[in-house]
1. When Rg is the radius of gyration of the Cα atoms in the chain and Rh is its Kirkwood radius, what does Rg/Rh come to?
2. I want to check the label-to-label distance for residue 256 and residue 180. Put each point 7 Å from Cα in the C-beta direction and report it in nm to one decimal.
3. Taking 60 Å as R0, compute the FRET efficiency from the Cβ-Cβ separation of residue 125 and residue 353 and round it to 0.05.
4. Would you please state which residues of the stretch 276-305 a label at residue 374 would reach in this model, taking the label point 7 Å out along Cα→Cβ and a backbone N cut-off of under 20 Å?
5. Given springs between every Cα pair under 10 Å in a Gaussian network model of the chain, which of 177, 252, 409 has the largest fluctuation?
6. For residue 242 and residue 4 in the same chain, what is the full-extension length gain: residue separation times 0.36 nm, less their Cα-Cα distance, in nm?
7. Would you pull out the residues with amide H under 5 Å of residue 253's amide H, same chain only if 5 or more places away, H placed 1.01 Å from N?
8. At most 12 other C-beta atoms within 10 Å and a DSSP loop state: those are the exposed trypsin sites (Lys or Arg not before Pro) I care about. Give me the longest piece of the chain that has none.
Amino acid sequence: MLDTRDYNIVVISPKNYFLFTPLLPSIAVRTLNPCSIIQPTQYITQHKSHNVSVIEAEATDIDPTNKTVTFTDNSEIKGATSSTSIKYNYLVYVVGVEVQTFNIPSVKKHAVFMKELQDAERMQCRFMDCLETATFPGQSPEEVDHLLHMVVVSGGPTSVELSGKLHDFLGDDLKSWYPKLAGKVKITLVEALPSMLPMFSKQLISYTKSTFKESKTNILTKMMVKEVKECSVVLQMPNKSIKEVPCGLVVWAAGNKGRKIMQDLMAELPADQTNQHGITVDDSLCMKGAKDIFSIGNCTATSYAPTAQVASQQGAYLARVLHQLAKKDRLEVELQKLESLDVEGDEEKARVQKEIVVTWSKILKIQPKPLHYSHQGTLAYIGSEKAIADLPFMNGNIASGGVAMFLFWRSAYLSTLFSLRNRTLVATDWLKVKLFGRDVSQE
């Protein structure tokens, strides 16, 4: 954690909370309450030894030459001043990414994303609307089948976990609340690559496929989405033919792209920022071509996977780097004072010169070591109280799946939540669902 005694810290964010994104699929199927996986920014900053300013606003421009950040109040209620700029000594750039739609028509209009809290809540409402509409009197069998077909696009961990959670919702709760519909709900996972979960071993991919087959979840690989319509999704088959598949809900979890503010900043440094996938940084996470700007998370282009695990280690590393820079800045101020001293006498001059040499030596020794990422393993929930895990062990790794890994998955996520408050709320939500089932009511 960054020592707030070293800096006057200002946090600028369009949201006043931190979100634990790995558990978003659980929000979408009402396993967890939205408040359980968010932590107010003020809750974290108020426990710092010195004051940290938190501004709920959206950064709109970064000026690396004049070292300023311009931001705007994006709330519904605005005061007389709703846009301003502040200067910085060091800037930590963690703007994240937005959903990549690959310019496919109507994805934003008709599909549901799975990136922000409101996305999970929107999917929750759309899913329940499909069920309720399917029960409307006089609905034809064809219309019921189309309404109860859920398509999840992408074969990554988020899509797999969401598919597994949807299956659990059907088996655990909908059989009781909607007995006539539960058996008719169909889940299809669509992936353009030859295989799902490319970051896992072939053994675990096969295990996931067999689990999905048992749960009657369809997996369509080597199929590209060409268009998302209001009541269907258009697929390009492996043989290049086009097929339109009726469905009631499309969840889009395929790909990321840089935000406009990131692209604008990179455009100001064309000689150094040439990677289209994100900000290029050096071994100390400093943005190349821009002095005193650091960047972490999935808005950067590094050799590491764009995961929360990587971002967490980058954040801890950068806190250490900034602590060293604060120490270096203090030594440089001390050096300037020593060099400006007007002393008389040989002994006094020799003493000051010695202190200058010692201070210079201390400054030169402050060289941050490159980030060394330590991979802690990869986890994914696949439904039916089963999970898969690829974990490093000594010089190799352990690849396993099943109920034991499900318990490990839960304990790992609990341990990485923001605080005891979040861990208690999530554990309580899991217990409530086990005892009473999920809530299917909606406004």
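The values are calculated or read from the model by the stated rules, or taken from the named source; none is laboratory data. All of these numbers come straight from a predicted model, not from anything done at the bench. When we count neighbours, we look across all protein chains shown, and the Cβ atoms used for this are built from the backbone with ideal geometry, even at glycine. Each accessible area value is taken on the protein alone, full model and side chains, heavy atoms only, with ligands, DNA and RNA left out. Shrake-Rupley method; radii C 1.70, N 1.55, O 1.52, S 1.80 Å.
1. 1.05
2. About 4.5 nm, to one decimal.
3. Result of the calculation: an efficiency of 0.25.
4. 284-285, 297, 303-305
5. With Cα springs under 10 Å in the chain, the top fluctuation among 177, 252, 409 is at 177.
6. Difference between extended and current length: 79.9 nm.
7. 153
8. That gives 292-443 as the longest site-free run.
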